[in-house]
Amino acid sequence: MSKNNNKQNTDRQASLLKACTRHRLFIPIAFLAFLLLINVFINPGFLSISLGKDSGGNPVLIGNLINIINNATELVILAIGMTLVTASSRGQDISVGATVAIVGGVIMRVLCGSETQPTQLHASIIVALLLGCLAGVACGAFNGILVSKFNIQPMVATLILFTAGRSIGSMAMGGLKPKAPSSFGYYGNFFPGFPIPTPIIITIIVVAITYLILKKTNLGLYTKAVGINDKSSSLNGLNPTLIKFLTFVILGLCVGIAGFVQASRVQTVNPYTIVPSIEMDVILAVALGGNSLGGGKFNMVGSIIGAYTIQTLTSMLTTLNVNTNAVPVFKAVIIIVLVAIQTPIVKSFFSNKVKISKLTASDGKERV
Amino acid sequence: MNGGLIIITIQDTVLTTRGIYKSFTGVKALQNVDFTLREGEIHALMGENGAGKSTLIKVLTGVYTKDAGEINIKGNDKPVTIKSPQEAQKFGISTVYQEITLCPNLTVAENLFIGRTNDLLVNWKKNNNRAATILKGLGIPASPTQQLSNCSLAVQQMVAIARAVDMDCKVLILDEPTSSLDENEVAKLFTLMRDLRDRGVGIVFVTHFLDQVYELCDKITVLRNGELVGEYQVKELPKVELVAKMMGKELGDLADLHNKALTDSDDAKEAVIEAEGLSSTSGIKPFNFTAHKGEVTGFAGLLGSGRSECVRAIFGADKVVKGKLKIKGENVTVTSPIKAMKKGVGYLSEDRKRDGIIGDLSVSDNIILALQVMKGFFRPFTKAQAQAFADEYISLLGIKTASADTPISSLSGGNQQKVILARWLLTHPEYLILDEPTRGIDIGTKVEIQKLVLKLASEGMSITFISSEIEEMLRTCSRLIVMRDLHVVGELKGDEMTQDKIMYTIAGGVSQNV
């Protein structure tokens, strides 16, 4: 009896393990865990979080993990929008970095007017946030019209703002580089007296809203349906043009929020260097989450995990004192491996191996 | 097989094929096909879906290599093997496809000569002059320096033909050249084709317009299911016999089955759909159509006769340009499918793979999709509701799937079709259009779907059923709208509904005067 029970237990464990490894999020989560483990290996104190004091004497949380989560904010928010755009339009928006520069420029202009060192804000921060989001939405709508109405390839359509965006951001500030008063910095750093970095709170809010939207509306189903088969979708009463447009507008809104956080971090914006090549990191986050860049089905949780993975990787390479110029090469190598092991060819290769090893194992048992 | 006595004189035969076989994984596309083309004739190649027309053309033009058989071309002592389209051109076989394969951004002259000169240096002045001569000789109204995209579709077709003719083609294959042309353009094209025939070119003409065959052609070869049915002189083959041969029926075949119970007088019943002079951007001629409660109506006709286009206009899938539509007596303008759906119309589309399934989505998402879209963006079904709907219809229709979460693309064709059927049944339509619901699915599922259609109608649903299989239409429909060449040419009901009558109507019916 006990033997039988044992066998059942091991069987159950085996099938549970199998279900886990089969899960779509297995590889993204496993890789993030693996990266964290390496970090712990390099620096045993990696996971520790402590309460310290900043230069102003306010309590703040300190720790590598906190830094990673904090710094990943823009990436996570943009990855959420990019996931939807990828799913519906079967392509990517490469202009997100440049449009963040536009949003940053608009926010600085609203807050500082045409002064370079204002002592007081020219407008309330909520107005700056709303106008920043409006600028982001306008960029998203522009891209969205080109893609959905004029059927231009997403990468080609967004190449326009990719090229022009950073200059537009500079023009928005009237060619100046103003620095906003430090009270604007609370949103990209800490509110005095509150130890958790504000960007982390903003991330939590954005992720929660995304969760609610995906649960309470049909955005997910419609986006998937249009991305998989837009002809069929339109015969089922959907309007593929509108849905594709909508996903670009949502990404625009994400750009607005990300630009706001980014501008607040140092209270100044250099449109030509702000979030350099973030568009590639965002697209990679989507891919790392196990999403096909060819559109269709998507997994939002996967993209968010992907964004944190990229941030962990970036910070790890910095800790290891890898030359900043060489960081992209390391990233590229690791990402190639990661994306390759998620392709169907490699997956089926491994699952065959597992089957064969199992067969031989059971053979062995029987013989004994 | 009894195609009359044909005397073959070797001299004027330009192309013959004997015993051509070609199969693709598991599908026999051509079996023992003979085809003979003589100089100076226009030869129609006819057949329904899957008959093997395009396969034969692709074998002749070197796109496919034949599995077995012989191809003889005038001027070659031995049978030839055509390995590529370039080789086909060397043998004098040129093809003009339905979609123009020229370069629209080049001029007419450039299109005539591109890829044909070996010289590195091109004398365009000389070429333009030569082009002018060719165009004038064939009576094509275009100037050599005109950009091709500025010419009408018919002229573009003609330029493609001119290019072929100038390459000394002996055999000219025209694959559905008239399907996107209007009547005037067709007339111009026919003048050119007759002219070429008189010069001794052998022309293979593939079309699904019966009237054009009888207006223009000398001979007809009919294929069906990859096999040769026969070769006929146009003059000796009445239109109705051609229809019968294409459908694979004999005239006078008495095996007509149909549901007499449904042929009661249905005029008394309430009309669900009333279309008056409806036409759409798809090119169908204005048609009248009424569907009553509890009635199964059908659109009969050959491939490309406009069956799907009629129902797509009712559903708002194509843009309606003319006419009135009443749903349950109420005047409506359906500009998009969602409007028709909200009025209680459902449409199972003809091409399941392209227009029906959402491949990577689960069976349950595929089932709820249409109802969900009708319910609205902000009111999604919960997972439990979706599961319940899916379970209900999976057991009701006997859909074989591992679970409701399985992607629909992994199901068999018949089961995929049942899922799409479930999608529309779930919306509880008052008028359901089933466009080729049984194409490419197993015989068991076919019968199940036919039975289901009759059951739904007896419960009061109005259904339009379209199928290429005439028996199936007779078994399920109580009234048939007959179509030819984008016109409605007749309406049959009760005892008139026989295979013979349908075929006679397709061949000779007079178009609706709308």
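The values are calculated or read from the model by the stated rules, or taken from the named source; none is laboratory data. Just so it is clear, the structure is predicted and the values come from calculations on it, not from any experiment. Neighbour counts run over all protein chains shown; Cβ positions are idealised from the backbone, glycine included. In case anyone asks, the SASA skips ligands and DNA or RNA and just uses the protein heavy atoms, side chains included. Shrake-Rupley method; radii C 1.70, N 1.55, O 1.52, S 1.80 Å.
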Against the definition (farther than 30 Å from B:Ala317 by Cβ, within 11 Å of chain B (Cβ to nearest Cβ) and either out of contact with any Pro (no Cβ under 8 Å at 6 or more places or on another chain) or open to solvent by 10 Å² or more (accessible area, probe 1.4 Å) (or both)), how does A:Lys231 come out, yes or no? no
Given the criteria touching a Phe, Trp or Tyr at 6+ places or on another chain (Cβ under 9 Å) and open to solvent by 40 Å² or more (accessible area, probe 1.4 Å), does A:Leu65 qualify? yes
What are the residue pairs meeting all of these: first residue in the range A:157-173, first residue under 11 Å from A:Ile102 (Cβ atoms) and touching a residue at least 12 places away in the same chain (Cβ under 8 Å), second residue open to solvent by 40 Å² or more (accessible area, probe 1.4 Å) and assigned to a helix (DSSP H, G or I), Cβ atoms under 6 Å, and 6 or more apart or on different chains? A:Ala172/A:Arg109; A:Met173/A:Arg109
Say whether the condition of being more than 30 Å from A:Ile125 (Cα to Cα), of a type in the set (Gly, Ala, Ser), away from chain B (no Cβ under 14 Å) and open to solvent by less than 20 Å² (accessible area, probe 1.4 Å) is met by at least one residue in the range A:264-284. no
For the range A:191-221, which residues satisfy the criterion of being assigned to a loop (DSSP other than H, G, I, E, B) and open to solvent by less than 20 Å² (accessible area, probe 1.4 Å)? A:Pro197, A:Thr217, A:Asn218
Would you mind stating whether A:Gly237 is open to solvent by less than 20 Å² (accessible area, probe 1.4 Å) and within 14 Å of chain B (Cβ to nearest Cβ)? yes
Consider A:Ser183 against the criteria (1) in a helix (DSSP H, G or I); (2) within 24 Å of the chain's Cα centre (by Cα); (3) modelled with pLDDT under 95: it satisfies all of them except one. Which criterion is unmet? (2)
So A:Ser292, is it open to solvent by 30 Å² or more (accessible area, probe 1.4 Å) and within 14 Å of chain B (Cβ to nearest Cβ): yes
Of the residues in the range B:54-79, those that are surrounded by fewer than 18 Cβ atoms within 10 Å (Cβ to Cβ) and assigned to a loop (DSSP other than H, G, I, E, B) number 8
Taking the conditions exactly as written (part of a strand (DSSP E or B), open to solvent by less than 50 Å² (accessible area, probe 1.4 Å), closer than 28 Å to B:Leu411 by Cα and within 11 Å of chain A (Cβ to nearest Cβ)), does B:Gly359 satisfy them or not? no
Output for the range B:298-325, where each listed residue is away from chain A (no Cβ under 14 Å) and among the polar types (S, T, N, Q): B:Ser305
Looking at the range B:326-347 only, could you name the residues that are among the aliphatic types (A, V, I, L, M), buried (at least 23 other Cβ atoms within 10 Å of the Cβ) and either in contact with a Ser or Thr (Cβ under 8 Å, 6 or more places away or on another chain) or facing another protein chain (nearest Cβ under 9 Å) (or both)? B:Ala340, B:Met341
Some residue of the range B:164-178 being under 30 Å from B:Thr297 (Cβ atoms) and of a type outside the set (D, E, K, R): yes
Would you please name the residue that is farthest from the chain's Cα centre (by Cα), looking only at residues in the range A:212-228 that are farther than 13 Å from B:Pro380 by Cβ and more than 8 Å from chain B (Cβ to nearest Cβ)? A:Val226
Kindly list, by first and then second residue, each pair from a residue in the range A:312-328 that is without any contact (Cβ under 8 Å) to a residue 12 or more places away in the chain to a residue that is surrounded by 14 or more Cβ atoms within 10 Å (Cβ to Cβ) and in a helix (DSSP H, G or I), limited to pairs with Cβ atoms under 8 Å and residues at least 6 apart or on different chains. A:Thr318/A:Val327; A:Val322/A:Phe330
Any residue that is more than 9 Å from chain A (Cβ to nearest Cβ), surrounded by 22 or more Cβ atoms within 10 Å (Cβ to Cβ), assigned to a helix (DSSP H, G or I) and within 21 Å of the chain's Cα centre (by Cα) - is there at least one of those in the range B:366-381? no
Suppose the filter is open to solvent by 30 Å² or more (accessible area, probe 1.4 Å) and assigned to a helix (DSSP H, G or I); does B:Arg116 pass it? no
Taking B:Gly323, is it assigned to a strand (DSSP E or B) and open to solvent by 10 Å² or more (accessible area, probe 1.4 Å)? yes
